[in-house]
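Undergrad: Here it is: the structure, laid out below.
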Amino acid sequence: MRDPKLTDTAVQAALALRVGWSLKDGMISRTFVFADFVAAMRFVNAVADAAEAADHHPDMDIRYNKVTLALTTHDSGGLTEKDFALAAQADTLSA
């Protein structure tokens, strides 16, 4: 069963709660910066575990100590609660 796609108003309200995240091309994204590569990879692995548990997988771009996550729910055709829930987990894991 597909997750319901959020309305534009709901997306803006949810995005307002996610500091550092931005909306572009129907996806929300954020770049996280860490002290070094090892710390960045710890974060990537933690996000991978959370994503696997949620059965919701972000696009990840790793550049030494910077990790950019991009989220959308492809099978729903846009952003859903799943995207914002994983964004919140990533924010917690980055701390």
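The values are calculated or read from the model by the stated rules, or taken from the named source; none is laboratory data. Treat the numbers as computed from the prediction; the structure is a model and nothing was measured. With ideal geometry, Cβ positions are generated from the backbone for all residues, glycine too; neighbour counts draw on all protein chains shown.
Results for (1) among the polar types (S, T, N, Q); (2) surrounded by 15 or more Cβ atoms within 10 Å (Cβ to Cβ), shown as yes or no for each residue.
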site	(1), (2)
THR9	yes, no
GLN12	yes, no
TRP21	no, yes
PHE34	no, yes
ASN45	yes, no
ASP61	no, no
ALA70	no, yes
GLY78	no, yes
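Undergrad: Can you work out which of the residues in the stretch 20-35 that are part of a loop (DSSP other than H, G, I, E, B) and at pLDDT 95 or above is nearest to LEU71 (Cα to Cα)?
TA: Checking each candidate, the answer is TRP21.
Undergrad: Condition first: of a type in the set (D, E, K, R) and within 9 Å of the chain's Cα centre (by Cα). Now tell me which residues in the stretch 56-81 satisfy that. I'd like the intermediate steps shown before the answer.
TA: Residues of the stretch 56-81 of a type in the set (D, E, K, R): 59, 61, 63, 66, 75, 81.
Within the stretch 56-81, ASP59 is the sole residue that qualifies.
Undergrad: Let me ask something additional. So VAL67 ticks every box in (1) part of a strand (DSSP E or B); (2) in contact with a Pro (Cβ under 7 Å, 6 or more places away or on another chain) but one. Which box is left unticked?
TA: For VAL67, the exception is condition (2).
Undergrad: Among the residues of the stretch 43-60, are any in contact (Cβ under 8 Å) with a residue 12 or more places away in the chain, among the aliphatic types (A, V, I, L, M) and not in a helix (DSSP H, G or I)?
TA: Yes, the stretch 43-60 contains a residue that is in contact (Cβ under 8 Å) with a residue 12 or more places away in the chain, among the aliphatic types (A, V, I, L, M) and not in a helix (DSSP H, G or I).
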